[in-house]
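K.L.:
Below you will find the structure I want to go over with you.
Nothing in this text is a laboratory measurement; each read-out follows from the coordinates by a stated rule. Remember, predicted model here, so these are calculated numbers, not experimental data. Note that we place each Cβ from the backbone using ideal geometry, even for glycine, and neighbour counts take in every protein chain shown.
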């Protein structure tokens, strides 16, 4: 018997770009009032298919109140690492954490995405007992297991000790334990990713559970009490080696996106808001001379708006902040996509020179004041939020929900779940696809997207592109 690695694993980003296009998109659905269980929707994304842009399967969970947010695969291209102990594992299971419940679902996508089903449920008590953490948030598949970041520590309100990262076995799905050996000054958490051959991890900060679960806390925001630091770690030693404070006014440093090609030692992070002027920003970080550095490389200004078009939370400011809530980097490291959830804009930056991003494309849809409709004429509530890019970089998908209680504060008229897609020109530029518009069942909002066979915020690579 000859064993070969999963064909969806690719040694380099270039090889991933050349792989067959995705046939299905997996999208998380959440019930914001907890009246029904959260779900996973499987969407047909094959052009020309009779069910194109339609939900072709739904996995509904048995519990209520999970608040699905981010999710990921049990294995990906990192399994091709020379250090991997699981060379012949499959990209088969989706790991879905409940951000509010701390429960974790393992979904089996074989033999076909349209037959996906629950394989295993890990109850919160196991997470608490083995890690001391709560509120699992981001999933990344590493060469040696499944890494899970958390937003809460122990105790009912998640403030008994700092949050961090824990590890799960990628075959049995057993929770093994917390990852950190020496966390240094890290006390908050949000996203994380790494450069495997360079042996470092970078993590970011959002907030502690009392600062986000019941909605944004204006007093904490205006007094700069949300996260504003990047932390860099020795991946193998599992210790913090450097922390960079972006400045207390740069509130909520969220998604981190390292370059996909491991030769390139840089990456990007999006900052939601500058409390001095309401602008959002993109920062570039890099390693040089054995040290990490970070600088603000792009800013997005707020848009003035009349009071009657603003939710109560913003009426005193007379403007809509962009609210950069997600970013994603194309597989060739050329284009960075930036979700401006407040102003209703998806921006595309050419980051060929990572320290000098250039605006290359933009589309407006939704927005607090603009409320721009889709080109097909249908309404799009809220703004672009979770964004995902196809491996070949030609299609950009996004949804519109941020987090249940925050949705209600910024978009009190409601956020019906929607997913759209934009086509990308070979040299940049964005155009919304008139035929791709997914409306989800009433009472559900849509959050993160994963693409069949991997996507641009799933896989990490161990070998350079040629």
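K.L.:
Taking square-rooted eigenvalues a ≥ b ≥ c of the alpha carbon gyration tensor, is the range 313-466 rounded, prolate or oblate, where a/c under 1.5 means rounded and, failing that, a/b exceeding b/c means prolate? List each step's numbers first, then the result.
P.N.:
On the way: a/c = 1.80, a/b = 1.52, b/c = 1.19.
Prolate, because a/c is 1.5 or more and a/b exceeds b/c.
K.L.:
In nm, to one decimal, how far is the modelled label at residue 121 from the one at residue 156, with both set 7 Å along Cα→Cβ?
P.N.:
2.3
K.L.:
What ranking do 268-276, 289-297, 454-462, 241-249 get when scored by the average of other Cβ atoms within 10 Å per residue, highest first?
P.N.:
Values: 268-276: 22.1, 289-297: 13.9, 454-462: 24.1, 241-249: 15.9.
Per-residue Cβ counts within 10 Å, averaged per peptide and sorted highest first, yield 454-462, 268-276, 241-249, 289-297.
K.L.:
Efficiency by 1/(1 + (r/R0)^6): what FRET value for residue 112 and residue 3, r their Cβ-Cβ distance, R0 = 22 Å, to the nearest 0.05? Intermediate values should be presented prior to the final figure.
P.N.:
On the way: r = 22 Å, r/R0 = 1.01.
Between residue 112 and residue 3 the formula returns 0.50.
K.L.:
Specify whether the C-alpha gyration tensor of the range 13-451 places it in the rounded, prolate or oblate class, a ≥ b ≥ c being the square roots of the eigenvalues: rounded for a/c under 1.5, otherwise prolate if a/b is larger than b/c and oblate if not.
P.N.:
Details: a/c = 1.19, a/b = 1.08, b/c = 1.10.
Rounded is the answer for the range 13-451, as its axis ratio a/c remains below 1.5.
K.L.:
Another question, then. For residue 172 and residue 308, what does the FRET efficiency come to when R0 = 41 Å and r is the distance between their Cβ atoms, rounded to the nearest 0.05?
P.N.:
Working: r = 56 Å, r/R0 = 1.37.
According to the calculation, E is roughly 0.15.
K.L.:
Need one number: nm distance between label points at residue 49 and residue 214, each 7 Å from Cα along Cα→Cβ, rounded to one decimal.
P.N.:
4.3
K.L.:
Rounded to the nearest 500, what is the chain's calculated 222 nm mean residue ellipticity when only DSSP H runs of at least 4 contribute -39500 (n - 2.57) each, over all residues? Present the calculation step by step, with values, prior to reporting the outcome.
P.N.:
Numbers: 5 runs with 29 residues, N = 466.
After summing the helix terms and dividing by the residues of the chain, the value is -1500 deg cm²/dmol.
K.L.:
Ok, one more. So what is the relative contact order for the range 13-451, in percent, with contacts set as C-alpha pairs under 8 Å and at least six apart?
P.N.:
Numbers: 1246 pairs, mean separation 50.8, N = 439.
Once divided by the residue count of the range 13-451, the mean separation gives 12 percent.
K.L.:
Using only the Cα atoms of the range 1-46, what semi-axes does the equivalent ellipsoid have when each is the square root of 5 times a gyration tensor eigenvalue? Give whole Å, largest first. Kindly include the intermediate steps, with their values, before the conclusion.
P.N.:
Details: eigenvalues 220, 41, 22 Å².
Whole-Å semi-axes of the equivalent ellipsoid: 33, 14, 11.
K.L.:
Relative to the present Cα-Cα distance, how much length would full extension add between residue 291 and residue 144 at 0.36 nm per residue of separation? Don't skip to the answer; put the middle values down first.
P.N.:
Numbers: separation 147, 0.36 × 147 = 52.92 nm, distance 2.64 nm.
Length gained, residue 291 through residue 144: 50.3 nm.
K.L.:
Highest mean first, what order results for 341-347, 438-444, 69-75 on Cβ atoms within 10 Å?
P.N.:
Values: 341-347: 27.1, 438-444: 16.1, 69-75: 25.1.
With the highest mean Cβ count within 10 Å placed first, the list reads 341-347, 69-75, 438-444.
K.L.:
With each label point set 7 Å from Cα along the Cα-Cβ vector, what nm distance links residue 35 and residue 249?
P.N.:
Going by the 7 Å Cα→Cβ label model, 4.4 nm.
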